[in-house]
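Please treat every number below as a calculation from the coordinates, not as lab data. Note that the structure is predicted; figures quoted are calculated from it, not measured. Heads up, the Cβs are rebuilt from the backbone with ideal geometry, glycines too, and the neighbour counts pull from every protein chain shown.
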Amino acid sequence: MSDVTAGEPLSERVIAIVGVGLIGGSIAAALKGRNFAGEVVGVGRNSSRLEAARERGLINRGSTDLEEVARQADLLIFCTPVDLIAAGVRDAAGHCRPGTLITDAGSTKQTICRELATGLPDGVQFIGSHPLAGSEKQGYEYAEADLFVGRLCVVTPDESSDPAALDRLVRFWRALGSEVTQLAPDAHDRIVARTSHLPHVVAAALASLLPESADRFAASGFSDTTRIASGDPALWTAILLANAEEILAGLDEMSGTLQQYRDTIAAGDRDGLHKRLELGKATRDRLINSNTDRKP
């Protein structure tokens with residue numbers, strides 16, 4: 001691992017992570033693994049879990065007092081469920097010093113960014129982030145220092161975002177190994193509805209169709225296809241409702257495509273079915289090749 005001080009040094013002295021789960025824990029692990037010279041503070045509701053994360057070496061200290069940590073932090077990263085982020089940011093922002101940068105790791109952006117576009121104290125900036133990394137697992141126990149290496153992170157500034165703050169945020173994610181791109185919040189939500197949120201709904205729906213009596217017949221194909229259905233239902237309920245409009249549009253598209261498959265099979269249309277399967281294979285192969293090229 002390379003030091004964060006090499007190439008694009010981080011200027012922050014105190015980085016606070018609100019929600020030390022898989023993503024928050026991995027951010028902490030990445031900072032520690034890359035010899036971040038400042039202090040990494042974990043914020044949460046469960047003091048024993050925070051102490052366990054400290055003992056593991058992920059954070060320097062933990063606190064259940066968001067206001068107290070906000071007064072000290074140069075950068076706050078909210079890794080809480082998406083329906084709690086905006087309120088949490090507002091609570092923290094009122095106690096932050098001018099120059100504090102706040103971001104998040106939520107997988108929906110439009111609602112959060114709209115709610116935080118105005119009303120923050122002067123000198124306190126929020127810019128949304130979404131690192132496209134993670135798994136169906138939960139908790140800091142599964143944190144990985146290299147989780148973000150070679151992964152895309154989307155940042156979602158608006159026209160009022162301070163260029164210097166945006167530069168700090170981009171530098172932060174790059175220090176963790178991410179490739180960074182920028183999208184408008186609505187464009188972000190439209191894309192991830194089809195690349196992340198809709199697949200979760202499909203995986204969960206398919207998994208729910210399997211009767212217990214058929215469990216022993218479900219081999220690797222079923223397991224691979226439904227893996228993400230193991231994600232936290234509470235977390236995913238919040239995500240799906242936060243991005244409901246785009247997910248509904250995706251479900252309508254998916255329903256239409258499934259109907260086309262049904263009609264083709266019902267008609268015994270061998271050529272038509274082959275073409276549909278061929279298109280799916282070509283898209284999947286393209287995706288695999290693209291990801292292989294991007295990953296180090």
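A compact table of results
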| quantity | calculated |
| --- | --- |
| Answer residue from the range 103-131, given it is free of Cβ contacts under 8 Å to residues at least 60 places away in the same chain and of a type in the set (A, V, I, L, M, F, W, C) and is surrounded by the most Cβ atoms within 10 Å (Cβ to Cβ) among those | Phe126 |
| Any strands (runs of 3 or more DSSP E) falling wholly within the range 125-183 and containing at least 1 residues that are of a type in the set (Gly, Ala, Ser) | 128-131 |
| Residues within the range 154-208 that are free of Cβ contacts under 8 Å to residues at least 40 places away in the same chain and among the basic types (Lys, Arg), tallied | 0 |
| Total residues in the range 55-102, condition crowded, with 18+ Cβ neighbours inside 10 Å, over 22 Å from Leu241 (Cβ atoms) and among the acidic types (Asp, Glu) | 1 |
| Qualifying residue in the range 225-238 (condition: farther than 30 Å from Val149 by Cα and assigned to a helix (DSSP H, G or I)) | no |
| All positions within the range 156-213 that are among the β-branched types (Val, Ile, Thr) and buried (at least 21 other Cβ atoms within 10 Å of the Cβ) | Thr156, Val192 |
